[in-house]
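Comments concern the structure below.
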Amino acid sequence: MIAPSILSADFARLADEMAAVNGEPGHRADWLHVDVMDAHFVPNLTLGLPVVKSLLKATDIPIDCHLMIEDPDRWAPGYAEAGAYNVTVHVEAAEDPVMLAKNLRAAGAKAGLSIKPNTPLEPYVEVLKHYDTLLVMSVEPGFGGQSFIADVLTKVRKARELVDTGHLNLVVEIDGGINADTIEQAAEAGVDCFVAGSAVYGAGDPAQAVEALRGQAAPAFANAHAGL
């Protein structure tokens with residue numbers, strides 16, 4: 001799955017930018033990734049719930065909200081209640097990630113848990129049994145346009161192993177520096193969903209860019225995980 005990140009879109013034309021990746025099958029984004037930053041958990045400030053509500057009215061592509069915020073236990077369920085398809089919180093910020101996952105699901109969304117590049121996976125395997133999505137950050141959260149950190153693929157491979165052996169049942173998502181040069185190695189490691197910002201919205205034809213990225217990722221994943 002390809003999830004274009006509107007952090008790299010033109011904020012003055014967000015409805016048009018979402019429509020640009022809402023084309024025919026094969027050219028259409030699977031999810032739209034929305035980065036919510038509060039200038040506390042991360043140093044940058046982007047947008048919040050009122051804008052997300054407007055985005056939800058302007059597209060039928062599932063909205064994937066990535067909350068880079070403090071106190072997600074309090075604020076995250078509102079995004080689920082608004083209609084976001086997937087709401088991802090950071091394990092580094094959540095007070096009670098298991099209860100938060102239950103609250104997100106009760107409010108109608110899939111529950112996602114994100115880990116920063118330097119956060120290990122192993123301490124949170126039991127917690128992840130309550131989640132639908134694992135978002136592995138391949139850059140430090142807070143800014144778009146950073147370079148891909150390949151070392152995080154070790155965590156992706158472990159997560160893929162846990163999914164393939166039935167210990168976890170979730171989508172493995174990656175965010176940060178995904179483009180034509182990095183997507184195949186991420187797919188080979190076991191990623192299901194790829195967040196891509198400038199690789200999509202920096203292209204002349206965003207829909208074509210989505211198709212091209214999917215065309216690279218799908219065979220790379222299939223070849224690496226054939227028979228599983």
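The values are calculated or read from the model by the stated rules, or taken from the named source; none is laboratory data. The structure displayed is predicted, hence computed values, not measured ones. FYI the Cβ positions are ideal-geometry reconstructions off the backbone, even for glycines, and counts take in every protein chain you see. All accessible areas refer to the heavy atoms of the entire protein, side chains included, with ligands and DNA or RNA removed. Shrake-Rupley method; radii C 1.70, N 1.55, O 1.52, S 1.80 Å.
Count of the stretch 86-97 residues, restricted to those that are in contact with a Lys or Arg (Cβ under 7 Å, 6 or more places away or on another chain) and either open to solvent by 30 Å² or more (accessible area, probe 1.4 Å) or at pLDDT below 95 (or both), is 1.
Once the stretch 118-151 is narrowed to residues that are modelled with pLDDT of 95 or more and among the polar types (S, T, N, Q), the residue that is nearest to Arg105 (Cα to Cα) is Thr133.
Close contacts from the stretch 33-44, counting a first residue that is over 17 Å from Phe11 (Cβ atoms) and a second that is small (Gly, Ala, Ser) and at pLDDT below 95, with Cβ to Cβ under 9 Å and a gap of 6+ residues or different chains, come to Phe41/Gly142; Val42/Gly142; Pro43/Gly142.
Residues in the stretch 133-177 that are farther than 16 Å from Gly190 by Cα and among the charged types (D, E, K, R): Glu140 alone. Inspection of the stretch 98-111 identifies at least one residue that is under 19 Å from Asp35 (Cβ atoms) and open to solvent by 40 Å² or more (accessible area, probe 1.4 Å). Listed by position, the helices (runs of 4 or more DSSP H) contained in the stretch 145-216 that have at least 2 residues being open to solvent by less than 30 Å² (accessible area, probe 1.4 Å), without any contact (Cβ under 8 Å) to a residue 60 or more places away in the chain and of a type outside the set (Ser, Thr, Tyr) are 153-164, 183-189. Among the residues of the stretch 70-84, just one is of a type outside the set (Gly, Ala, Ser) and open to solvent by less than 10 Å² (accessible area, probe 1.4 Å), namely Pro72.
Might you check whether a residue that is within 17 Å of Gly204 (Cα to Cα), β-branched (Val, Ile, Thr) and either open to solvent by less than 40 Å² (accessible area, probe 1.4 Å) or touching a strand residue (DSSP E or B) at 6+ places or on another chain (Cβ under 7 Å) (or both) occurs anywhere in the stretch 27-43? Looking through the stretch 27-43, none of the residues is within 17 Å of Gly204 (Cα to Cα), β-branched (Val, Ile, Thr) and either open to solvent by less than 40 Å² (accessible area, probe 1.4 Å) or touching a strand residue (DSSP E or B) at 6+ places or on another chain (Cβ under 7 Å) (or both). Give the residues of the stretch 48-68 that are open to solvent by 10 Å² or more (accessible area, probe 1.4 Å), in contact with an Asp or Glu (Cβ under 9 Å, 6 or more places away or on another chain) and in contact (Cβ under 8 Å) with a residue 24 or more places away in the chain, sorted by residue number. Answer for the stretch 48-68, where residues must be open to solvent by 10 Å² or more (accessible area, probe 1.4 Å), in contact with an Asp or Glu (Cβ under 9 Å, 6 or more places away or on another chain) and in contact (Cβ under 8 Å) with a residue 24 or more places away in the chain: just Pro62. Among the conditions (1) touching a Pro at 6+ places or on another chain (Cβ under 9 Å); (2) in contact (Cβ under 8 Å) with a residue 40 or more places away in the chain; (3) open to solvent by 10 Å² or more (accessible area, probe 1.4 Å), the only one that Val127 does not satisfy is (2). Residue count for the stretch 130-144 under the criterion of being in contact (Cβ under 8 Å) with a residue 60 or more places away in the chain, part of a loop (DSSP other than H, G, I, E, B) and surrounded by 22 or more Cβ atoms within 10 Å (Cβ to Cβ): the result is 1.
The number of residues in the stretch 7-21 that are open to solvent by 20 Å² or more (accessible area, probe 1.4 Å) and without any contact (Cβ under 8 Å) to a residue 60 or more places away in the chain comes to 7.
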